[in-house]
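Below: the structure, in structure tokens.
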Amino acid sequence: MSHLPDTLADRYRRFKFRHFAPNQDHYEDLAAFGQNPEVMVVSCCDSRVDPETIFSAMPGELFVVRNVANLIPPFETSGKFHGVSAALEFAALNLRVKHILVLGHSGCGGVRACLEEDAAKQSEAQFIRNWMSMLGTARDAVLRDPKLAPGSEQRYALELEGIKTSLANLRTFPCIQILEAKGRVTLHGAHFDIATGTLSVLNDAADAFVPV
Ligand SMILES: [Zn+2]
């Protein structure tokens, strides 16, 4: 039988004592009445960018989907396995979330792999390369932009473009189109800078990310 690492077992006991016990009533209500989050967050798997921590959320408050580079694929029904689309459908139609936030971040490894596609081609990263191909158009535009210096400037630009691409893909889902048109759901994009803790939110009208 596998053995849970001591660090996890110790941290679980700490959670049970310091967090769960003082909030047990809240957990019992969640168990009895189910979840009713108003916000869905699509964020990166990156261990440094935890939505619950950034937004000081309690259990039951955020419906979170995490994947490499916080991407939402476009709507399509190929009969394959669409984890993000299934979560999105559940959040929009069953939970009736009022807000959907795509949360990108600085130093994103998925975005870096996308920009350094040639390096990825020669590695075993077949899943990441295919997944990140969703940003192919945005990547090409960033690489063509003469104002962006190679390296960190291009990576930052593609992090922002990736958030916008996910929002555009989100709007290809018929259920999102209907709910957004009725004003029942609002879509948001944001970028979190790990080193400074700055959260910048996409202002659609200005087409710019503005610090909160
Ligand atoms: Zn990332």
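The values are calculated or read from the model by the stated rules, or taken from the named source; none is laboratory data. Predicted, not measured: the structure shown is a model, and the values here were computed from it. Please note: Cβ atoms are built from the backbone with ideal geometry, for glycine as well, and neighbour counts cover all protein chains shown.
Worth a mention:
- Residues of region 79-91 that are within 21 Å of Gln35 (Cβ to Cβ) and either within 14 Å of the ligand (Cβ to nearest atom) or charged (D, E, K, R) (or both): Glu89 alone.
- Residues in region 155-192 that are in a loop (DSSP other than H, G, I, E, B), without any contact (Cβ under 8 Å) to a residue 40 or more places away in the chain and of a type in the set (D, E, K, R): Arg171, Lys182.
- Filtered residues of region 12-61 (kept if within 16 Å of the ligand (Cβ to nearest atom) and either farther than 22 Å from Gly110 by Cα or of a type in the set (Val, Ile, Thr) (or both)): Val41, Val42, Val49, Thr53, Ile54
- Test: residue in region 79-95 that is under 24 Å from Leu199 (Cβ atoms), surrounded by 12 or more Cβ atoms within 10 Å (Cβ to Cβ) and more than 16 Å from the chain's Cα centre (by Cα): yes
- Candidates Phe75, Phe20, Phe90 - the one that is in contact with a Phe, Trp or Tyr (Cβ under 7 Å, 6 or more places away or on another chain) and closer than 21 Å to Arg184 by Cβ: Phe75
- Restricting region 62-78 to residues that are assigned to a loop (DSSP other than H, G, I, E, B) and buried (at least 16 other Cβ atoms within 10 Å of the Cβ), the residue that is farthest from the ligand (Cβ to nearest atom): Phe75
- Near pairs, Cβ below 7 angstrom, 6+ apart or cross-chain, from region 123-152 (free of Cβ contacts under 8 Å to residues at least 12 places away in the same chain) to any residue that is β-branched (Val, Ile, Thr): Leu148/Val142
- Residue within region 131-142 that is more than 16 Å from the ligand (Cβ to nearest atom), out of contact with any helix residue (DSSP H, G or I) (no Cβ under 6 Å at 6 or more places or on another chain), of a type in the set (Ser, Thr, Tyr) and closer than 18 Å to Val39 by Cα present: no
- Where Ala113 falls short, out of the listed (1) over 16 Å from Pro73 (Cβ atoms); (2) outside any helix (DSSP H, G or I): (2)
- Residue within region 42-54 that is exposed (fewer than 14 other Cβ atoms within 10 Å of the Cβ), at pLDDT below 95 and assigned to a loop (DSSP other than H, G, I, E, B) present: no
This table checks each residue for (1) away from the ligand (no atom under 16 Å from the Cβ); (2) more than 25 Å from Leu62 (Cα to Cα); (3) crowded, with 18+ Cβ neighbours inside 10 Å; (4) at pLDDT 95 or above.
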residue	(1), (2), (3), (4)
His99	yes, no, no, yes
Val102	no, no, yes, yes
Gly107	no, no, no, yes
Ala113	no, yes, yes, no
Glu116	no, yes, no, no
Ala119	yes, yes, no, no
Gln122	yes, yes, no, no
Gln126	yes, yes, no, no
Arg129	no, yes, no, no
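- Among the residues of region 170-212, those identified as closer than 17 Å to Ala69 by Cα and under 13 Å from the mean Cα position of the chain (by Cα) are Leu170, His188, Gly189, Ala190, His191, Phe192.
- Residue within region 70-88 that is on the phi > 0 side of the Ramachandran plot and touching a residue at least 60 places away in the same chain (Cβ under 8 Å) present: yes
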